[in-house]
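Inspection log for the structure reproduced underneath, given as structure tokens.
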Amino acid sequence: MSIRKKVIEDDLAQIFTQRLESTLFYLLDDDDPVNIYMLTEIGKLLKIDVSNLFPSTFKSGAYNLKVLSQGDIDRALNVAEALYETCIRFQKFDLALIVNSEVSRAINETSLPLNWIDGKFIG
């Protein structure tokens, strides 16, 4: 059984998703031009065409990942994994550390039966 299937407590899952969306998924909301490339790469990993979601050119604050997760726990887990992988690929190790700490903190706060190791949810 997948670790994602083990998450059955809807309230905790919703709290966890909201926690990621309100902290971690705003990570790309600054003026760094690399973020558009990171967002494009995250879209490729998730098999989502981000040009449909974000049709205009880069604007500050327009690229938060909350749009990709849409409040769904499974999507939020996928976005978190893709964000971590993209940070490593773009050699943004400081952002990867932030991703690790925010996901770990959210898991600890909600007590969900999730295991986050090296940028992946495993079980």
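The values are calculated or read from the model by the stated rules, or taken from the named source; none is laboratory data. Computed from a predicted structure; not experimentally measured. Quick reminder, even Gly has a Cβ in these numbers, built from the backbone with ideal geometry, and neighbours come from all protein chains shown. The area values use the complete protein model at the heavy-atom level, side chains included, leaving out ligands, DNA and RNA. Shrake-Rupley method; radii C 1.70, N 1.55, O 1.52, S 1.80 Å.
Below is a table of values for the structure above.
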| item | result |
| --- | --- |
| Unmet requirement for GLN91, which otherwise passes all of (1) under 22 Å from LEU12 (Cα atoms); (2) surrounded by fewer than 20 Cβ atoms within 10 Å (Cβ to Cβ) | (1) |
| Residue among SER56, SER101, SER60 that alone is without any contact (Cβ under 8 Å) to a residue 24 or more places away in the chain, open to solvent by 10 Å² or more (accessible area, probe 1.4 Å), over 28 Å from ASP11 (Cβ atoms) and among the small types (Gly, Ala, Ser) | SER56 |
| Every residue from segment 23-47 that is crowded, with 17+ Cβ neighbours inside 10 Å, among the β-branched types (Val, Ile, Thr) and either under 21 Å from TRP116 (Cα atoms) or within 14 Å of the chain's Cα centre (by Cα) (or both) | ILE42 |
